[in-house]
Amino acid sequence: MALTRLRDTKKEDRREESIEPDPAPYPASPQEAPGPKVSAILVSYNQAAALRRAIEALDRSIERERLEILVVDCGSQDESPQLDVDYPSVTMMRLPHHFGATKAMNIGTRTSKAEVIFYLSPGVEVAPDTVARLLAALEQDADTVAVCPLLVDAEGHPVSKIQKIPTRDSLAAVCRGKALPSAAIDLTQESVPVEYPGLDALMVRKQFVKGMNYFDGRYGQFWADADLAVQVRRANKKIRLYPGIRATYHTEPTLPEDPLLVADRALGAAAFVGKYDGFAAGLSFRMGAILGALGRLDFRQFSALVSGQKLDGSQAG
């Protein structure tokens, strides 16, 4: 009996030794950092100083880690294309020529990672809470497609304008050097509806821009923002300006406009008119601009209007 018990004990010992310990659990994989909630897109052309100021203001934003900053440089000859050396967290996209803001915005929008886009002029300096408060305002109303802050000058005086979507007549006036008509903003309201806010500081749902197949490639530097405004109105959605959310707009020295830029404005206006008033109306608008340039003996502008020459001087449409 003693011998049998001894043998049984040895068998049990061998069985225990043969049982492998439970493997150690796999180490928990670190959680991936959440992606950005907002992508700020700045389109720049020879605006290095303003671009620095705008980037540094965005860098001071609340929840900076959820903000993606993209700069699309339109073939600048100043130090703008090298600014990513000083701001490594900024994504810099360099275009070989100045094709116009529309193409640059489309490139930036397609590259962006967030579902909310903040189109921002390099001349605008946001406050630390501007982006976060605009995002909160946008998220609280599903019918709101875009929101914008009140732009103020360095002394705090409002410079934002409430404007109607431009008509054929108002576009013709702008092409003659006049400004679009505007109305005063009621600063006592929490928010005010706007038809045509421009793109100096506009936060938009990316899905809406994708739904309109991005910005129409026929526009160069001008009027893609008016096209966006029309699409918002047609969708029965809203754009709202929040007077309590502010950003500083820094004006830059006014330089004589290049004839190609003036022609681009008229060509964009003709494309806008043709898109919404019909081909004949668009052609008539363009012919009026061509005859006006010829009457002023501005042959460079005349040539650009006839050929559809783009801002870089190398493309014809």
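The values are calculated or read from the model by the stated rules, or taken from the named source; none is laboratory data. Source: prediction; values computed, not measured. Cβ: placed from backbone, ideal geometry, glycine included. Neighbour counts: every protein chain shown. When the accessible area is computed, the model is the full protein with side chains, heavy atoms only, and any ligands, DNA or RNA have been set aside. Shrake-Rupley method; radii C 1.70, N 1.55, O 1.52, S 1.80 Å.
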Just checking, does the range 60-77 include any residue being β-branched (V, I, T) and at pLDDT below 90?
no
G282: passes all of (1) in contact with a Gly (Cβ under 8 Å, 6 or more places away or on another chain); (2) part of a loop (DSSP other than H, G, I, E, B); (3) open to solvent by less than 50 Å² (accessible area, probe 1.4 Å) but (2)
Residues (touching a residue at least 40 places away in the same chain (Cβ under 8 Å) and open to solvent by less than 70 Å² (accessible area, probe 1.4 Å)) located in the range 159-185:
V159, S160, I162, I165, P166, L171, A172, V174, C175, I185
Residues that are hydrophobic (A, V, I, L, M, F, W, C), in contact with a helix residue (DSSP H, G or I) (Cβ under 8 Å, 6 or more places away or on another chain) and farther than 18 Å from G292 by Cα, drawn from the range 256-279
F272
For the range 193-227, enumerate the residues that are closer than 19 Å to T130 by Cβ and assigned to a loop (DSSP other than H, G, I, E, B).
V194, P197, G198, L199, D200
Number of the condition not met by L294 [criteria: (1) in contact with a Phe, Trp or Tyr (Cβ under 7 Å, 6 or more places away or on another chain); (2) surrounded by 18 or more Cβ atoms within 10 Å (Cβ to Cβ)]
(2)
Hey, does the range 200-222 have a residue that's modelled with pLDDT of 95 or more, in contact with a Phe, Trp or Tyr (Cβ under 6 Å, 6 or more places away or on another chain), open to solvent by less than 70 Å² (accessible area, probe 1.4 Å) and closer than 21 Å to L42 by Cβ?
yes
In the set D153, D141, which member is over 22 Å from R233 (Cβ atoms) and within 23 Å of the chain's Cα centre (by Cα)?
D153
In the range 61-158, which strands (runs of 3 or more DSSP E) lie fully inside it and hold 1 or more residues that are among the aromatic types (F, W, Y) and either touching a strand residue (DSSP E or B) at 6+ places or on another chain (Cβ under 9 Å) or open to solvent by 20 Å² or more (accessible area, probe 1.4 Å) (or both)?
116-120
Residue count, the range 267-279 (criterion: farther than 14 Å from D169 by Cβ, surrounded by fewer than 16 Cβ atoms within 10 Å (Cβ to Cβ) and touching a residue at least 24 places away in the same chain (Cβ under 8 Å))
0
Looking at T188, is it out of contact with any Asp or Glu (no Cβ under 7 Å at 6 or more places or on another chain), open to solvent by 70 Å² or more (accessible area, probe 1.4 Å) and closer than 21 Å to L134 by Cα?
yes
Being of a type in the set (G, A, S), at pLDDT 90 or above and open to solvent by less than 40 Å² (accessible area, probe 1.4 Å): is that true of G244 here?
no
Any residue in the range 62-84 that is within 28 Å of I245 (Cα to Cα) sitting within a Cβ distance under 6 Å of a residue that is open to solvent by 20 Å² or more (accessible area, probe 1.4 Å) and among the basic types (K, R)? List the pairs, counting only those 6 or more apart or interchain.
R66/K37; E68/K113; D73/R94
Please find, within the range 163-183, the residue that is farthest from the chain's Cα centre (by Cα) out of those that are assigned to a strand (DSSP E or B) and within 28 Å of G288 (Cα to Cα).
S182
When you check P253 against the structure, is it at pLDDT below 95, over 20 Å from the mean Cα position of the chain (by Cα) and either charged (D, E, K, R) or open to solvent by 30 Å² or more (accessible area, probe 1.4 Å) (or both), yes or no?
yes
Give the residue, chosen from A226, A263, that is closer than 26 Å to E125 by Cβ and either open to solvent by less than 40 Å² (accessible area, probe 1.4 Å) or touching a Pro at 6+ places or on another chain (Cβ under 8 Å) (or both).
A226
Could you say whether any residue in the range 162-172 is aliphatic (A, V, I, L, M) and over 16 Å from L202 (Cβ atoms)?
yes
